1. Inside segment 243-270, can you point out the residues that are in contact with a helix residue (DSSP H, G or I) (Cβ under 7 Å, 6 or more places away or on another chain) and over 15 Å from Y205 (Cβ atoms)?
2. Just the residues that are more than 13 Å from the ligand (Cβ to nearest atom), under 23 Å from K22 (Cβ atoms) and out of contact with any Asp or Glu (no Cβ under 8 Å at 6 or more places or on another chain), please, taken from segment 48-80.
3. Can you work out which of the residues in segment 129-146 that are buried (at least 24 other Cβ atoms within 10 Å of the Cβ) and in contact with a strand residue (DSSP E or B) (Cβ under 9 Å, 6 or more places away or on another chain) is nearest to K252 (Cα to Cα)?
4. Those residues that are near the ligand (Cβ under 10 Å from one of its atoms) and in a helix (DSSP H, G or I), I need them from segment 137-152; list them, please.
5. Being in contact with a strand residue (DSSP E or B) (Cβ under 6 Å, 6 or more places away or on another chain) and part of a strand (DSSP E or B) is the filter here, so list the residues in segment 245-257 that pass it.
6. Suppose we keep only residues that are under 25 Å from the mean Cα position of the chain (by Cα) and of a type in the set (D, E, K, R) within segment 12-54. Which one would you say is surrounded by the fewest Cβ atoms within 10 Å (Cβ to Cβ)?
7. Given the options S250, S231, S214, name the one that is among the polar types (S, T, N, Q) and under 17 Å from Q155 (Cβ atoms).
8. Let me spell it out: the conditions are (1) more than 16 Å from the ligand (Cβ to nearest atom); (2) in a helix (DSSP H, G or I), and G183 meets all of them except one. Which number is the exception?
Amino acid sequence: MRQVKSISELREQLTTVRNSEKKIALVPTMGNLHEGHLSLVKQVQAKADFVVVSLFVNPTQFVEGEDFDSYPRTLESDLQLLDNLNIDLVFMPNADEIYPDGNEVTTVVTVPELDSIYCGKFRPGHFQGVATVVSKLFNIVQPDVAIFGNKDYQQLLVIRNLVKNLNFPIEIIGSSTMREKDGLAMSSRNQYLTDSERQQAPLLYKCICETAKSLENGEKNYAKLERDAVSSLKAAGFRPEYLNICDAKSLKTPKNQRLVIIAAAWLGKARLIDNVAVQTL
Ligand code: PAF
């Protein structure tokens with residue numbers, strides 16, 4: 001497994017790969033790898049000849065006061081896990097390599113509307129940071145295919161939009177959310193939960209699933225379903241930011257039968273997000 005820190009070395013290595021007409025895949029991550037990340041790698045390995053995983057805790061997607069400094073950084077175990085999976089190359093730049101003029105003055109990518117609702121409303125600037133770093137990684141690696149988890153559903157839509165609007169010739173794969181046995185979506189931030197919060201945490205998924213079931217059973221009063229779910233979360237000690245039933249493609253008010261229920265809620269120091277897709281009759 002090749003380990004590369006600089007853009008120039010990465011480009012040099014990938015030119016040879018590209019010249020041999022190999023299909024290149026990119027798995028962008030912020031490190032602290034768990035089963036969710038590893039399943040992204042395994043899926044994309046079946047689709048490409050050469051897999052690049054990036055490990056970069058991107059400062060521009062953390063909003064003032066968030067956990068950028070304390071975000072878990074576990075480089076050695078990440079490298080071991082990736083080596084075990086026989087990936088081809090790890091790109092692990094530092095912030096100066098990605099933002100040579102500093103974070104504040106870099107050119108940015110914004111995805112209007114989508115980037116300012118739901119998570120974008122509660123984390124202003126977050127999706128601009130994601131869209132910018134993902135665009136940079138796409139330009140640096142120039143993959144044929146890239147894969148992202150469905151757990152970050154709004155992020156996935158932001159990325160699909162930027163790929164379409166900026167004409168990146170890259171296939172984007174959205175991969176199913178990996179869950180713990182009790183249903184909690186895997187996330188690096190689950191580590192912030194105390195033992196008792198960890199017991200409570202699966203309730204977020206449970207509430208979303210119950211809402212999904214009601215929709216599938218024909219309930220049309222979305223506002224009531226949303227209110228009931230938020231009340232259950234509050235009663236269990238969560239601090240919900242939102243739980244909404246939306247159009248699966250635009251996250252706007254549903255117009256057809258393809259819906260998604262998206263939610264974000266704090267439990268202690270952990271901000272948990274999750275979603276479930278629903279196809280109504
Ligand atoms: O989902 C993540 O881990 C990050 O937002 C991403 C896509 C790697 C960009 O930093």
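1. Listed by number, the residues that qualify are N244, I245, L251, L259, G268, K269.
2. D49, L79
3. V134
4. The one that is near the ligand (Cβ under 10 Å from one of its atoms) and in a helix (DSSP H, G or I): L137.
5. I245, C246
6. E35
7. Checking each option against the conditions leaves just S250.
8. Result: G183 fails condition (2) only.
Laboratory data are not the source of any read-out in this text; all were calculated from the coordinates shown. Small disclaimer: the values here were computed from a predicted structure and weren't measured. In this analysis, Cβ positions are derived from the backbone assuming ideal geometry, glycine residues included, and neighbour counts consider all displayed protein chains.
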